[in-house]
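The values are calculated or read from the model by the stated rules, or taken from the named source; none is laboratory data. Just so it is clear, the structure is predicted and the values come from calculations on it, not from any experiment. With ideal geometry, Cβ positions are generated from the backbone for all residues, glycine too; neighbour counts draw on all protein chains shown.
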Amino acid sequence: MAKATKRTVKLYLDPVANTLNIWWGDPKKAYSSHQVDSPYSNDVIIKDRQGRAISLEVIGIFPKELNIAGFLKNNNRIKKQEPFLLETK
């Protein structure tokens, strides 16, 4: 029977960049990144020097209606220096 080991997984959600980073390895050991070869996503796999995957970056995690970066890019009324509040109706 295989011995169970305890692992730590860290999740980083960036609502402005619309990404979710999932780390199961040490971020300090990140050496290279490769875009996933899929017509359905443009996610990124981060690997260490030995070529082992240590992280996954999911790009475009939020639907279009909740994409803050897209909202800021397309809304010329907001000045970049002003804080703003996103709200729903």
TODO: Please work out if Lys28 is at pLDDT below 80 and of a type outside the set (A, V, I, L, M, F, W, C).
DONE: no
TODO: Determine whether Arg77 is surrounded by fewer than 10 Cβ atoms within 10 Å (Cβ to Cβ), modelled with pLDDT of 80 or more and either out of contact with any helix residue (DSSP H, G or I) (no Cβ under 9 Å at 6 or more places or on another chain) or not in a loop (DSSP other than H, G, I, E, B) (or both).
DONE: no
Open item on the list: So, in segment 34-62, how many residues would count as being more than 18 Å from Asn18 (Cα to Cα) and loosely packed, with under 15 Cβ neighbours inside 10 Å?
Closed with: 9
